[in-house]
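Enquirer: Below is a structure I'd like to ask you about.
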Amino acid sequence: MDASEAVTAFVSAVERVLRASEANVAELVRAVNAGSASASGTLAGGTRYTKHGSGVRFVEADGTTLDLDADLGGTERLIFDAWRVSEFLRSRGKSERNDDEITTALAAAATQGVVQKLDHRPGWYTLAGPVRARAS
């Protein structure tokens with residue numbers, strides 16, 4: 001899997017988890033911070049989550065791991081960087097891409113409208129639009 005395919009697979013996995021869980025990560029992070037939600041649990045669809053810092057780590061039943069931050073002070077959206085895409089690949093047993101390759105692929109995906117670059121956080125991205133219904 002080349003770096004471009006890796007980014008596409010990561011975006012698809014994020015969309016799949018969000019569709020299956022109906023999770024709004026920013027709201028979940030706020031609720032955990034306020035003490036009105038557990039710092040870990042299982043969402044609809046069976047995906048486990050653990051809150052950390054300003055984000056959430058999701059683990060699907062097959063072990064696929066998605067580590068995402070919530071941009072609470074900016075876009076109010078899920079955000080990620082090359083390291084998070086690399087961690088996703090490692091969770092799937094595909095660690096042949098390095099962070100530089102992933103960074104280049106993320107930049108290319110941003111020019112194609114697949115992801116959106118965050119101007120206020122260099123090296124960080126978000127999904128380009130609403131979660132799409134697409135085959136995973």
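The values are calculated or read from the model by the stated rules, or taken from the named source; none is laboratory data. These numbers were taken from a predicted model, which means no experiment stands behind them. Heads up, the Cβs are rebuilt from the backbone with ideal geometry, glycines too, and the neighbour counts pull from every protein chain shown.
Enquirer: Can you tell me which residue is modelled with the highest pLDDT among those in region 9-22 that are surrounded by fewer than 17 Cβ atoms within 10 Å (Cβ to Cβ) and assigned to a helix (DSSP H, G or I)?
Expert: Just the residues of region 9-22 that are surrounded by fewer than 17 Cβ atoms within 10 Å (Cβ to Cβ), to begin with: 12, 19-20, 22.
Of the ones still in play, those that are also assigned to a helix (DSSP H, G or I) are 12, 19-20.
Values: Ser12: 92, Arg19: 74, Ala20: 65.
Selected residue: Ser12.
Enquirer: Kindly indicate which of Leu78, Leu89, Leu72, Leu68 is more than 10 Å from the chain's Cα centre (by Cα) and modelled with pLDDT under 90. Walk me through how you get there before you give the answer.
Expert: Working: Leu78 fails: more than 10 Å from the chain's Cα centre (by Cα); Leu89 fails: modelled with pLDDT under 90; Leu68 fails: more than 10 Å from the chain's Cα centre (by Cα).
Exactly one of Leu78, Leu89, Leu72, Leu68 is more than 10 Å from the chain's Cα centre (by Cα) and modelled with pLDDT under 90, namely Leu72.
Enquirer: Could I ask something else about it? Taking Val85 and the conditions (1) in contact with a strand residue (DSSP E or B) (Cβ under 7 Å, 6 or more places away or on another chain); (2) among the hydrophobic types (A, V, I, L, M, F, W, C); (3) part of a helix (DSSP H, G or I), which numbered condition does it fall short on, given that it satisfies the others?
Expert: The single condition Val85 does not satisfy is (1).
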